[in-house]
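Values in this text are rule-based calculations from the coordinates and carry no lab data. Keep in mind that this is a model prediction, so the values were computed, not measured. As a convention, Cβ positions derive from the backbone with ideal geometry for all residues, glycine included, and neighbour counts pool all protein chains shown.
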Amino acid sequence: MNRKIIPYFVVVLLLFVLTITGCTASQKPNVSDNNNIMPNEPKTTTPDPTADFTLNEIHAFDLDIELINNDKIDMEYKKGLNNKESKIETLLNGKKSTSQHESASREIEDLISKLPGASIANTNKIIDETLSLLKLKREDVVDFEMEFLFESGEKVTIEFNTR
């Protein structure tokens with residue numbers, strides 16, 4: 001071979017060898033290590049009554065509050081991108097207001113995300129924080145019912161009634 005061609009031939013051969021070994025040297029996931037493999041189906045998690053809950057775990061939410069002066073707050077929420085079922089209806093100080101769909105979803109999601117990091121079993125803390133976020137006093141509440149439907153299908157109801 002000609003001495004001028006040898007360096008080019010060596011470079012091409014070296015690139016070929018590096019390409020072949022680089023493509024076959026990738027590591028295959030360890031089948032026994034479940035942390036590296038995506039599950040075929042997402043796992044639904046049931047909220048532990050002693051653990052925190054997050055907005056991502058909630059599929060539907062309903063809040064009904066009746067006050068001593070017959071004022072009312074009704075919030076209904078279902079998770080979804082094109083949400084047509086979420087709504088908020090309030091009757092406070094004789095003034096009625098309504099919001100629906102995406103704007104209601106955003107308001108309710110904001111409320112849920114601000115609820116205490118307490119467990120779902122700590123109902124008094126959840127009630128007090130909800131009333132505080134809505135700027136309501138507990139002594140003004142006649143009936144309070146909050147319902148969570150989690151992605152797992154579990155339903156949790158929190159009630160407070162002074163009647």
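By count of other Cβ within 10 Å, fewest leading, how are VAL142, VAL17 ordered?
VAL17, VAL142
Could you name the aspartates and glutamates whose alpha carbon sits less than 15 Å from that of LYS114, not counting residues in the same chain fewer than 8 places away?
Correct list for LYS114: ASP52, GLU57, ASP128, GLU129.
Greater than 21 Å separation of Cα atoms is the criterion. Which listed pairs, LYS79/LYS155; LYS72/LYS96; LYS79/LYS125; LYS95/LYS155; LYS72/LYS95; LYS78/LYS155, meet it?
LYS79/LYS125; LYS95/LYS155
Taking amide H positions as placed 1.01 Å from N in the peptide plane, with prolines and chain starts having none, which residues 5 or more places from LEU136, or on another chain, fall under 5 Å of its amide H?
none
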